[in-house]
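Taking it in order: structure first as structure tokens, then the write-up.
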Amino acid sequence: MGRDDELRRLRAAFAGRPDRPVVRVLAGLGGVGKTSLARAYATRHREDHGVVWWVHAEDPAAVDREFRALLEMLNPDGARHIQDAVAAAHAALARQPRPWLLVLDNVPDPAAAARLIPAAGSGLVLVTSRSAHWPEPLLLRVTKLGLDAAADLLLSLTQDDDQAGAVALAREVDRLPLALVQAGSFARANALDLATYLRLYRKNRAELHREGRLGDDYPHTVATTWQLAIERLPATARAVLNLLCCYAPDAIPVGLLLAPPDPAYIALPPSLEPRLRPLLENELTRHRAVGELLSYSLATTTDGRNSSAVDVHRLLQAVNREQLVAEGTAGDWAQAAHELLLEITPGALNDAGSLNRWNAVHTHLRAVLEHLDDDSPETLATRLALADRTGQAGNAGDARDQFAALVPRCETVLGPRHPISLTTRNNLAYWTAVSGDTAAALAECAALLPLSEEVLGPEHPLTLTVLGNLANWSGNSGDPEGAREKYATLHATYLRVFGPHDPGTLARRSDLGQWIGQTGSPAAARDEFRTLLPITERVLGPHHLDTFTVRGSLAHWTGEAGDPAGARDEFIRLLATCRAVLGPLHPFTLTTRHNLAHWTGEAGDPAGARDQLADLLPTFDHVLGPQHPEVEIAHSNLAFWTKEVGPSPATAPRGQKSR
């Protein structure tokens, strides 16, 4: 059953020969396999106990009946006229000469267990419960099966030999034992192979969730196994669950979602106002609501310590959403979940806090979009923001692909001449270039420019942005003199239209400085950036990403102008600031590390350059992806410096030095 580790931990918890009952509690989500684990333990250790007895504790009538049956077995002569069968059975267990095992299955909560647990006797009491409100020393949490164990269970149930199909299906049902048993039993009964069942499940998920009773260990279907706990929830806790079912299942930042900076500005669907407003405006109410979900194991804390982020099993999410669809409220809940998530989604990833926030929300942003009207302007705006932040976070290829899908969608919903459609085409070109395909980006911009000039005018910011991109990419394609001339003209236009201190004007001046250097005047470029830096710091602030870019450019052209040690030292200072402000995994921080390694080598320390690059590359690969152009350059540079001074254990050469 894939629970050998849990059985060993349970055996260790019951170790020894106590003179009074030892209690342990198997707690977890409905359907996670608590009863199966208890049954496996009782079966494995049957011979160690004089008495093994099972009580279905969720049913008050069954409790009295099953304790009375136990008493009749232990004391046939004295059982007939007993009124309190539970107390009498406890007394009989206390007199047993051998250790005994009492399983109390599906106890609602600790209060319900109080009268069921014997106070005396050499025995073990194994409790299963969905409630998490048990003393920590008694608690053994039961979680999903491991992927290999889940796949093995499917293969065993179906007698299929399709390992890949079993793994795929185990992932699809998120390794929940109840769903695995349901899938395996259905497939075996209907002579289906695992691949066929998986295809049917993806098309008929809701219907299969309601499929058949699976025996004593799983008396309810997937669709009904959590229903009783959900029905018992207070209205506020049910509201939180409905929201959580619109997001990805893991690490949902519920603490952030329910505590927006200004709740009054959150636009909730009118039908949900009375249910959600108390959660947003009363901290105690929301903590109690999340606590109720945790107490029924309908959610679990991500880090095991606090409820600022929680996990919800994806099948529980699916079943609850099926109920919302049946009620006709699923759209409103998705809209509310969307609004709350947008409130905590960062607008730009320009520091460590915004990048961390993005990492906490982006998977949930993708998930909630799947539950919204795909062609609404609100959904489209969120998809555009998602694509843009994806690129800012360093995933240029993913951003390019998202914008490629969004261009036809924008043109269909808004029209091909709408400013948002034009902006989306420009963003597609930009991330295409960053991904390494400058020729395709140039072609897209060349086609976009006349349309932008016609629709928006020659001095509209988007038109000027397209002109800048054309200048930059034509320079990268072999025409640096042309790029310098275009940027000189463009900078003059920005000065005239927007003034010398506009952020766009400063950015174009920075671009012009780059091409001054690229056309053979590194000292002039250095001097231009030396003049530009204090202006940028004054206008944008010393910790703005554009300010960091100017500092990096000043360092680079200082090195190119003949002072590699000066460039190295400036990159050392810049890296310390980037780590503090942007964080160690921000793409600009990684680029700064790359530049520092380059100038470390140029300043006379090739072994230091080699070692810095070897240390950088695993993180570079992880954050940007191995196909990112800068990652490929870093691999080439590592190969160059390794060739200069010999290998170290961390090196992985792949080509020639390039910049």
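Quick check, is ALA396 more than 24 Å from GLU630 (Cβ to Cβ) and modelled with pLDDT under 95?
no
For the list (1) touching a residue at least 60 places away in the same chain (Cβ under 8 Å); (2) surrounded by fewer than 14 Cβ atoms within 10 Å (Cβ to Cβ); (3) hydrophobic (A, V, I, L, M, F, W, C), I need the number of the one condition that ALA191 fails.
Of (1) touching a residue at least 60 places away in the same chain (Cβ under 8 Å); (2) surrounded by fewer than 14 Cβ atoms within 10 Å (Cβ to Cβ); (3) hydrophobic (A, V, I, L, M, F, W, C), only one is false for ALA191: (1).
How many of the residues in region 254-279 are touching a residue at least 40 places away in the same chain (Cβ under 8 Å), over 20 Å from THR301 (Cα atoms) and either of a type in the set (A, V, I, L, M, F, W, C) or not assigned by TED's automatic domain parsing to the domain that holds TRP358 (or both)?
Number of matching residues: 5.
So which helices (runs of 4 or more DSSP H) are wholly in region 13-120 and hold at least 1 residues that are over 38 Å from the mean Cα position of the chain (by Cα) and not assigned by TED's automatic domain parsing to the domain that holds GLN317?
34-44, 60-74, 85-94
Can you tell me which residue is farthest from GLY33 (Cα to Cα) among those in region 108-128 that are modelled with pLDDT of 90 or more and crowded, with 20+ Cβ neighbours inside 10 Å?
The selected residue is PRO118.
Please work out if GLY552 is at negative phi, modelled with pLDDT of 95 or more and surrounded by fewer than 24 Cβ atoms within 10 Å (Cβ to Cβ).
Here the answer is yes, as GLY552 does meet what is asked.
Residue by residue, here is whether (1) within 23 Å of ALA92 (Cα to Cα); (2) modelled with pLDDT under 85 holds:
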{"residue": "MET1", "(1), (2)": "no, yes"}
{"residue": "ALA13", "(1), (2)": "no, yes"}
{"residue": "ARG17", "(1), (2)": "yes, yes"}
{"residue": "HIS49", "(1), (2)": "yes, no"}
{"residue": "ALA57", "(1), (2)": "yes, no"}
{"residue": "VAL63", "(1), (2)": "yes, no"}
{"residue": "GLU66", "(1), (2)": "yes, no"}
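Going by the conditions given, is LEU284 in a helix (DSSP H, G or I), surrounded by fewer than 18 Cβ atoms within 10 Å (Cβ to Cβ) and either at pLDDT 90 or above or touching a His at 6+ places or on another chain (Cβ under 9 Å) (or both)?
Criteria met by LEU284.
Okay, residues lined up against (1) of a type in the set (A, V, I, L, M, F, W, C); (2) surrounded by 15 or more Cβ atoms within 10 Å (Cβ to Cβ); (3) without any contact (Cβ under 8 Å) to a residue 60 or more places away in the chain:
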{"residue": "GLY31", "(1), (2), (3)": "no, yes, no"}
{"residue": "LEU37", "(1), (2), (3)": "yes, yes, no"}
{"residue": "TYR41", "(1), (2), (3)": "no, yes, no"}
{"residue": "ALA62", "(1), (2), (3)": "yes, no, yes"}
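Would you check which residues across region 587-637 are part of a loop (DSSP other than H, G, I, E, B) and either more than 19 Å from ALA555 (Cβ to Cβ) or assigned by TED's automatic domain parsing to the domain that holds ASN350 (or both) and list them?
Passing the criteria: GLY625, PRO626, GLN627, HIS628.
Hey, among SER131, SER156, which residue is closer than 17 Å to HIS313 by Cβ and either part of a helix (DSSP H, G or I) or touching a strand residue (DSSP E or B) at 6+ places or on another chain (Cβ under 9 Å) (or both)?
Step by step, each of SER131, SER156 is checked, and only SER131 is closer than 17 Å to HIS313 by Cβ and either part of a helix (DSSP H, G or I) or touching a strand residue (DSSP E or B) at 6+ places or on another chain (Cβ under 9 Å) (or both).
If you check ILE516, ILE572, which single one turns out to be assigned to a helix (DSSP H, G or I), among the β-branched types (Val, Ile, Thr), without any contact (Cβ under 8 Å) to a residue 40 or more places away in the chain and surrounded by fewer than 18 Cβ atoms within 10 Å (Cβ to Cβ)?
ILE572
Can you find even one residue in region 344-357 that is assigned to a loop (DSSP other than H, G, I, E, B), of a type in the set (Val, Ile, Thr) and touching a helix residue (DSSP H, G or I) at 6+ places or on another chain (Cβ under 9 Å)?
yes
Here are some residues: THR558, THR577. Which one is modelled with pLDDT of 95 or more and crowded, with 19+ Cβ neighbours inside 10 Å?
After ruling out the rest, the residue left standing is THR558.
The values are calculated or read from the model by the stated rules, or taken from the named source; none is laboratory data. Just so you know, these numbers come straight off a predicted model, no measurement behind them. Neighbour counts run over all protein chains shown; Cβ positions are idealised from the backbone, glycine included.
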